[in-house]
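> Sharing a structure below in structure tokens format, with a few things to ask.
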Amino acid sequence: MKPKIFTTVPLPEKVEKNISEYCEIDKWTGDRSIPRHILLEKIKDVVGLYSTGVGIDEELLRHAPNLKIVSNVSVGYNNFDLEAMKRFNVIGTNTPYVLDESVADLTFALILNAARRISELDRMVKEGQWGKSDDDKEYFGVDVNSTKLGIIGMGRIGKALARRAKLGFNMDVLYYNRNRKLDVEEEYGVKYADLQSLLEHSDFVVLLTPLTPDTYHLIGEKEFKLMKKSAFFINVSRGQTVDEQALISALQNKEIKGAGLDVFTKEPIEPKNLLLQLNNVVVTPHIGSATERTREDMAVRAAQNLVAVVTGKDPIDRVI
Ligand code: 8YV
């Protein structure tokens, strides 16, 4: 009998075929995220869990005595309670590398959109407002090219973003990171800065750090006050790296000029969240990696990790 795995997300055909050579697959087919109580029931006899963003904590682990691996279809793994997984001897994996370029593309799209007000002007044109005034200054945005970009968190995605900024847009790039990245400094001429000076000098501040206890609310009231009034804040990491109330206040009080956000404290975002009422905020529904090619590559990688552990081998992307 093949070992059983459960997936909370749909599998691309070729991935399903590959996993089914080694495993019996049970899957969630509902059109909303799987409710927790159903998940806990489904995993009671599985060896592997293939999922994205599902909270892996002690309660879940207790319900899955045979579980050997949780394969995340994401690079972030802040959904893992690492200590609990260690105690229960459950391996956790992620999907690095394959999404770097797509997330960097989306990040740059948010920068351009916020600066040139693309979503706002799109709404205006569709509502028949083009030409309502003779003064086209009302459509003006600000330049992205030849300005200063500040990247908080210089990992692989940060590097891909720095390359776009330097080579494509002639931007001056500052970065803040736990460790200096001399290779990126050398390759793209980016400069290391402490967090305070990055915030004070950047025209676009991009948050790319993983969510950890150290980065929870890394950017809050104090940090927004340090930014230029003309600055844009872009978040493509996790919603909890920012104090969202402080962000809303900074936008309302014009302490910063605008924001581009792919991630939120609560996802899906509540319809009454004030961020949705601000014209100087561009939002997307956590789609950094969401292209057909990249999501397929992520699925393939997550499946390789899953199958490796289920068949007694080492996975390529073990994080715990
Ligand atoms: C999402 C991401 O997790 O990889 C990450 O960490 O944030 C995204 O790729 C994706 O929506 C999950 O499939």
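The values are calculated or read from the model by the stated rules, or taken from the named source; none is laboratory data. Nothing here was measured: the structure is a model prediction, and the numbers come from that model. No Cβ is skipped: glycine too gets one built from the backbone with ideal geometry, and neighbour counts run over all protein chains shown. Quick note on the areas: whole protein, heavy atoms, side chains included, nothing else; ligands and nucleic acids left out. Shrake-Rupley method; radii C 1.70, N 1.55, O 1.52, S 1.80 Å.
> Checking ILE34 against (1) closer than 23 Å to GLU296 by Cβ; (2) within 13 Å of the ligand (Cβ to nearest atom); (3) of a type outside the set (Gly, Ala, Ser): exactly one of these is not met. Which one?
(2)
> Still on this structure: Say whether the condition of being part of a helix (DSSP H, G or I), more than 22 Å from LYS313 (Cα to Cα) and either more than 9 Å from the ligand (Cβ to nearest atom) or at pLDDT 95 or above (or both) is met by at least one residue in the stretch 90-100. Before the answer, list the steps.
Step one: filter the stretch 90-100 for residues part of a helix (DSSP H, G or I), giving 100.
Among the residues that remain, those that are also more than 22 Å from LYS313 (Cα to Cα) are: 100.
Restricting the remaining residues to those that are either more than 9 Å from the ligand (Cβ to nearest atom) or at pLDDT 95 or above (or both) gives 100.
Taking every residue of the stretch 90-100 in turn, at least one turns out to be part of a helix (DSSP H, G or I), more than 22 Å from LYS313 (Cα to Cα) and either more than 9 Å from the ligand (Cβ to nearest atom) or at pLDDT 95 or above (or both).
So that you can scan it fast, the table gives a plain yes or no per residue for (1) part of a loop (DSSP other than H, G, I, E, B); (2) open to solvent by 10 Å² or more (accessible area, probe 1.4 Å); (3) not polar (S, T, N, Q):
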{"position": "ARG180", "(1), (2), (3)": "yes, yes, yes"}
{"position": "GLU187", "(1), (2), (3)": "no, yes, yes"}
{"position": "GLN196", "(1), (2), (3)": "no, yes, no"}
{"position": "VAL205", "(1), (2), (3)": "no, no, yes"}
{"position": "ASP214", "(1), (2), (3)": "yes, yes, yes"}
{"position": "LYS222", "(1), (2), (3)": "no, yes, yes"}
{"position": "GLN240", "(1), (2), (3)": "no, yes, no"}
{"position": "LEU247", "(1), (2), (3)": "no, no, yes"}
{"position": "PRO271", "(1), (2), (3)": "yes, yes, yes"}
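> Here is a further query. Looking at SER237, SER249, SER202 in this structure, which one is closer than 23 Å to VAL75 by Cβ and among the hydroxyl-bearing types (Ser, Thr, Tyr)? Please lay out each step first, then the result.
Details: SER249 fails: closer than 23 Å to VAL75 by Cβ; SER202 fails: closer than 23 Å to VAL75 by Cβ.
After applying the criteria, what remains is SER237.
> Give just the number: which of (1) in contact with a strand residue (DSSP E or B) (Cβ under 7 Å, 6 or more places away or on another chain); (2) within 16 Å of the ligand (Cβ to nearest atom) does GLY76 not satisfy?
If we test GLY76 against (1) in contact with a strand residue (DSSP E or B) (Cβ under 7 Å, 6 or more places away or on another chain); (2) within 16 Å of the ligand (Cβ to nearest atom), just (1) comes out false.
> Filter the stretch 119-133 down to the residues that are out of contact with any strand residue (DSSP E or B) (no Cβ under 6 Å at 6 or more places or on another chain) and touching a residue at least 24 places away in the same chain (Cβ under 8 Å) and list them by number.
Our first condition is that a residue be out of contact with any strand residue (DSSP E or B) (no Cβ under 6 Å at 6 or more places or on another chain); within the stretch 119-133, this holds for 120-133.
Selection gives GLU120 alone.
> In the stretch 137-172, which residues are touching a residue at least 60 places away in the same chain (Cβ under 8 Å) and closer than 16 Å to LEU198 by Cα?
Scanning the stretch 137-172 gives ILE152, GLY153.
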